[in-house]
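Reviewing the structure listed below.
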Amino acid sequence: MARIYIFKRFERFWHWAQAALIIFMLLTGFEIHGSYALLGWEKAADLHTTAAWTLIGLWLFAIFWHFTTGEWRQYIPTSKNIVAVMNYYSVGIFTGAPHPFRVSQLSKHNPLQRLAYLLVKLFINPLIWVSGLAYLYYNELAASKIAALSGISLGTIALAHTAAAFMMLAFLIGHLYLSTTGHTPLAHIKAMITGWEDVDADKPAAVPAK
Amino acid sequence: MRTGIFVVALLASMLLAPAVNAASEPVPAKLLKSTSDHTKFKALQQEFNSGPEVTKACLSCHTEAAKQLHQTEHWKWEYKNPQGQLLGKKTLINNFCISPASNEGACNSCHIGYGWKDDTFDFTSEVNVDCIVCHDTTGNYRKPAGLAGNVIAKTMEFPPGSGKIVKGINLKKIAQSVAKTSRDTCGACHFYGGGGDGVKHGDMDSSLAAPEKEVDVHMDALGLNFTCATCHMTKGHQVPGSRYAPTAQDKGAAHLRGKEYKTIPTTCQACHGQAPHKKIAKLNDHTDKVACQTCHIPAFARGGVPTKMSWDWSTAGKMGPDGKPLTIKDAKGHPIYMAIKGDFVLGEDVVPDYRWFNGTVTYTLRSDKVDKNNEPVQINRYEGSASDGKSLIWPVKIMRGKQPFDPVNKTLVVPHTAGNDDTAYWTNFNWDKAIAKGMATIGEPYSGKFDFISTESTWPITHMVAPAKNALRCRDCHASGGRLEKVPDIYIPGRGSDHARWLDTAGWAIAVLTLLGVLGHGLGRVILSKRNH
């Protein structure tokens, strides 16, 4: 086993801060929605808003980081190896077959991860972000002179925001589970904490995406 | 010689010392706020034998006052609303004492005039205007029921034939003590609407005479100490802020002194403006849909005086075992049954009902058709909707009643209740006679048949504003089964009935299926990895 440095310091900070914020916002968000009572509605709404602004701030930094470091390329989708990876998770993982994908600094994510994370970044996050801001600034929106904006009802905004929250919840469950599918159950999690990932030295590195 | 100088010096010091002291500590004269002392007016230095005599004296200086009063609803008891309905106590029917018509002797003790005992009353008479009832400061001014607004100036037997001697009030002293209106003068009528303390409004009763902060943050006797007129700022005796023409939504700015405004001074916004919440700015986002009163008057009848929530006239007329009119009281001593009126349900600390309200109120008039297929009859209807752009969610008191009507002519009826005559219901307990007399008095047809019909009336809740710390909390409405559960056509975060059922069902189903999927996958890994070992 060799070790390579995959996740840089900011990336790890971003990941874990985002994880904490998203879990917290799911908890408070579904309380605001009325699914249960936990912190009390007032506190939930207040903290949900604070967490939202924090997350938006974090995202701004993360977006800046992705583009200045070129790390955004890690999310360019690829079909190469995708069937092999799907086969691995549906069959190979049970039979003890080796993972068909090899992590490298230039290609951190297997093709399925690339797709999933891209979906989060390009669809779920923007939907949450836009619907959440519309939710926060609903009064300003309703007072807008642009009919298309002032005509949107709070119910519609809430519907989009809730739908995005359910998507995020489903992603979170899947993501949490898949983090245990390394060569040991804690391997991936450890890598996300330390930055160092164990790799099979005798397996060839995957071809980095362009 | 020396002794002489010493004595002179001593005397001088004794004489001068007080003068020096007086110069350094002048005794302040009590500063009067008014520029006039009514005890010094010649016109008031006389014995008065009646109310109109006092008014005549008032008008000798305040030459235009009666003319101003003649233009008020307080005088006319008549108001034409924007829909063209003729409203006002003179003609309206409610579901409390029903109507002052044919009962003027009793009811019109709350008219700001003297002697409105029937339809011969002269509404153009200046001396018939009662100045004192609003401007008394002694608390001794009384207009007893039965005298049509007149006062007892000379000690007399009252009611006549009762054997009770009522002392005359000292009109001279009262007239010399007049000043601005107070919570007591307005309250003398407005606290007692519907026939008793707190009966009618729910947000106005005698507890507002000197309220604690918790009961009314503005009128707080030891705090801001508002009078009614602090908000109901009159101009030329015209009082703004009538429930016949309510302002449901005020989009105007807070009023600055010296500036002219088109908006009325009685609304919350007239002082607090459009964005009054400084600490939690999100609360300002509610003001486009929710009236201030909805959150800031968490309950009405909070001052220890109950209000009537329902009144069933159909059970009136029961006699007790002693053959006398029956009265039943609750544990606190408040009547819940009276032979002359029927059954009541009282309420204290009542949570209001909530309605979309745009300021338009439509009334069921004496001429309008009612029938038992459309119960309860809406004595008045608050108009409004989520989408008309003029409505806010308002707290209201819904008064439920059961009152006499004419099933043949299909109209609500006016019974003659108060009086010393054979036809008055409160004397003879005979509905036939009472209704026949009442309807004859107002000159409207009566078939001779009567029945009882359920009615509802709606009253705005706008007084008894609580301190901010007692305002509603988010969860009071942002929840399923909350205060606004029944308010339609608005999305309230946290209210389950607003959720798209399909989304919640699908969302949780996907989450649970994902969880089951990964758990199954994990279980498979565990089992198979053990087998492989």
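The values are calculated or read from the model by the stated rules, or taken from the named source; none is laboratory data. Here the structure is a predicted model, which is why all the values come from computation and not from measurement. All Cβ positions, glycine included, derive from the backbone under ideal geometry; neighbour counts span all protein chains shown.
The residues of segment B:181-209 that are in contact with a helix residue (DSSP H, G or I) (Cβ under 9 Å, 6 or more places away or on another chain) and hydrophobic (A, V, I, L, M, F, W, C), listed by number, are B:CYS186, B:ALA188, B:CYS189, B:PHE191, B:MET204, B:LEU208, B:ALA209.
If the condition is being within 8 Å of chain A (Cβ to nearest Cβ) and among the charged types (D, E, K, R), then segment B:490-503 contributes B:ARG495, B:ASP498.
Condition check for B:ARG400 on (1) at pLDDT 95 or above; (2) surrounded by 19 or more Cβ atoms within 10 Å (Cβ to Cβ): one failure, at (2).
Would you point out the residue of segment A:35-58, among those that are assigned to a loop (DSSP other than H, G, I, E, B) and of a type in the set (A, V, I, L, M), that is nearest to the other protein chains (Cβ to nearest Cβ)?
A:ALA37
In segment A:57-64, is there at least one residue being over 27 Å from A:THR194 (Cα atoms) and either without any contact (Cβ under 8 Å) to a residue 24 or more places away in the chain or not acidic (Asp, Glu) (or both)?
no
Could you please find all residues in segment B:414-430 being over 16 Å from B:ALA106 (Cα atoms) and touching a residue at least 60 places away in the same chain (Cβ under 8 Å)? If the condition is that a residue be over 16 Å from B:ALA106 (Cα atoms) and touching a residue at least 60 places away in the same chain (Cβ under 8 Å), then B:PHE429 is the only one that fits.
Here is a yes/no grid of residues against (1) closer than 29 Å to B:VAL361 by Cα; (2) touching a strand residue (DSSP E or B) at 6+ places or on another chain (Cβ under 6 Å); (3) in the same structural domain as B:ILE340 (by TED's automatic domain parsing):
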| residue | (1), (2), (3) |
| --- | --- |
| B:HIS74 | yes, no, no |
| B:TYR79 | yes, yes, no |
| B:ASN95 | yes, yes, no |
| B:SER125 | no, no, no |
| B:ASN140 | no, no, no |
| B:PRO144 | no, no, no |
| B:LYS164 | no, no, no |
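Condition first: surrounded by fewer than 22 Cβ atoms within 10 Å (Cβ to Cβ) and without any contact (Cβ under 8 Å) to a residue 60 or more places away in the chain. Can you find one or more residues in segment B:453-469 that meet it? Checking segment B:453-469: at least one residue is surrounded by fewer than 22 Cβ atoms within 10 Å (Cβ to Cβ) and without any contact (Cβ under 8 Å) to a residue 60 or more places away in the chain.
Tell me, yes or no, whether segment A:89-97 has at least one residue that is closer than 30 Å to A:ILE157 by Cα and assigned to a helix (DSSP H, G or I). Looking for residues that are closer than 30 Å to A:ILE157 by Cα and assigned to a helix (DSSP H, G or I), one finds none in segment A:89-97, hence no. When the residues of segment A:163-190 are filtered to those that are out of contact with any helix residue (DSSP H, G or I) (no Cβ under 7 Å at 6 or more places or on another chain) and within 16 Å of A:VAL85 (Cβ to Cβ), the one that is farthest from the other protein chains (Cβ to nearest Cβ) is A:HIS188. Of the residues that sit in segment B:473-489 and are within 11 Å of chain A (Cβ to nearest Cβ) and not charged (D, E, K, R), which one is surrounded by the fewest Cβ atoms within 10 Å (Cβ to Cβ)? It comes out as B:GLY481. Pairs meeting the criteria (first residue in segment B:504-518 and more than 8 Å from chain A (Cβ to nearest Cβ), second residue surrounded by 12 or more Cβ atoms within 10 Å (Cβ to Cβ) and at pLDDT below 95, beta carbons under 7 Å, at least 6 apart or on different chains) are lacking. Filtered by the rule that a residue be under 14 Å from B:CYS134 (Cβ atoms), in a helix (DSSP H, G or I) and of a type in the set (S, T, N, Q), segment B:54-92 gives B:THR55, B:GLN68.
Scanning for something surrounded by 19 or more Cβ atoms within 10 Å (Cβ to Cβ), more than 27 Å from B:CYS131 (Cα to Cα) and touching a Phe, Trp or Tyr at 6+ places or on another chain (Cβ under 8 Å), does segment B:236-258 turn up at least one residue? Yes, there is a match, as at least one residue in segment B:236-258 is surrounded by 19 or more Cβ atoms within 10 Å (Cβ to Cβ), more than 27 Å from B:CYS131 (Cα to Cα) and touching a Phe, Trp or Tyr at 6+ places or on another chain (Cβ under 8 Å).
Among the residues of segment B:62-96, those identified as of a type outside the set (Gly, Ala, Ser), closer than 30 Å to B:LEU171 by Cβ and touching a helix residue (DSSP H, G or I) at 6+ places or on another chain (Cβ under 7 Å) are B:LEU69, B:TRP75.
The residues in segment B:273-288 that are under 24 Å from the mean Cα position of the chain (by Cα) and within 11 Å of chain A (Cβ to nearest Cβ) can be counted, and the count is 1.
Based on this model, can you work out whether B:GLY481 counts as among the small types (Gly, Ala, Ser) and either in contact with a Cys (Cβ under 9 Å, 6 or more places away or on another chain) or under 30 Å from B:THR266 (Cβ atoms) (or both)? So B:GLY481 fails the test. Take A:ALA187 and tell me if it is under 22 Å from the mean Cα position of the chain (by Cα) and at pLDDT 95 or above. No. Considering segment A:147-159, the residues that are more than 8 Å from chain B (Cβ to nearest Cβ) and closer than 15 Å to A:VAL130 by Cβ include one that is farthest from the chain's Cα centre (by Cα), namely A:ALA148. Restricting attention to segment B:86-133 and to residues that are among the aromatic types (Phe, Trp, Tyr) and surrounded by 23 or more Cβ atoms within 10 Å (Cβ to Cβ), the residue that is nearest to B:ALA316 (Cα to Cα) turns out to be B:TRP116. Just one of the listed residues (B:GLY161, B:GLY195) is more than 16 Å from the chain's Cα centre (by Cα) and at pLDDT below 95, namely B:GLY161.
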